[in-house]
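Comments concern the structure below.
The values are calculated or read from the model by the stated rules, or taken from the named source; none is laboratory data. Because the structure is predicted, anything quoted here is derived from the model rather than measured. Quick reminder, even Gly has a Cβ in these numbers, built from the backbone with ideal geometry, and neighbours come from all protein chains shown. Ligands, DNA and RNA are excluded from the accessible area calculation, which covers all protein heavy atoms including side chains. Shrake-Rupley method; radii C 1.70, N 1.55, O 1.52, S 1.80 Å.
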Amino acid sequence: MTKEDAKQIADLINERNQLTKKQQSNDILFNKDSYVFIKDDDKIIACAESKQIQWYQYEICHVSIHKDYEGKRFGTKILKLAENIVKNNNGKIIQCTIRSNNENSIRLFTRKGYNEVNKFFNPKSENWINIYQKIISIE
């Protein structure tokens, strides 16, 4: 990942998500091994982060697709890349949080086997947040 890639990832995440704290390119570059992205020529069009929470648990964060590439299966492609990080590191459970009004993300994750396990209200963003999990391995 280059500095320009990290900047584009931060810009894409900040543009496509209602975050209470903006993503910074330096933080993304520092954690570059947890990010996956897809480019079209030199432009980042999809990205996601798979960060380890526990030795067995990962969280997929900020799945973001450039608006010009929506509806072209890039959500499925980037989610698969993010899940591969978990599988390659012997993760057992994947978790994600999704705003309750983010229908596209809810549809993507539920179609890929994630189940809603809980929800909470975030007073900073004034959004209800759904928590989804997927079991990768029961070994």
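If residue 70 satisfies all but one of (1) in contact with a strand residue (DSSP E or B) (Cβ under 9 Å, 6 or more places away or on another chain); (2) open to solvent by 40 Å² or more (accessible area, probe 1.4 Å), what's the number of the condition it fails?
Looking at each condition in turn, residue 70 falls short on (1).
Scan the stretch 13-21 and tell me whether some residue there is free of Cβ contacts under 8 Å to residues at least 12 places away in the same chain, part of a loop (DSSP other than H, G, I, E, B) and open to solvent by 60 Å² or more (accessible area, probe 1.4 Å).
yes
Just to check your reading of the model, which residue among 25, 64 is open to solvent by 20 Å² or more (accessible area, probe 1.4 Å), at negative phi and among the small types (Gly, Ala, Ser)?
25
In this structure, does residue 5 turn out to be open to solvent by less than 30 Å² (accessible area, probe 1.4 Å) and over 21 Å from residue 127 (Cβ atoms)? Steps first, answer last, please.
On the way: open to solvent by less than 30 Å² (accessible area, probe 1.4 Å): yes; over 21 Å from residue 127 (Cβ atoms): yes.
Considered against the rule, which asks whether it is open to solvent by less than 30 Å² (accessible area, probe 1.4 Å) and over 21 Å from residue 127 (Cβ atoms), residue 5 comes out as yes.
In the set 124, 119, which member is open to solvent by 90 Å² or more (accessible area, probe 1.4 Å), among the basic types (Lys, Arg), at negative phi and modelled with pLDDT under 95?
Sole residue among the options that is open to solvent by 90 Å² or more (accessible area, probe 1.4 Å), among the basic types (Lys, Arg), at negative phi and modelled with pLDDT under 95: 124.
Starting from residues that are more than 25 Å from residue 131 (Cα to Cα) and out of contact with any Phe, Trp or Tyr (no Cβ under 9 Å at 6 or more places or on another chain), keep the ones in the stretch 30-60 and report whichever is surrounded by the fewest Cβ atoms within 10 Å (Cβ to Cβ).
Here the residue is 41.
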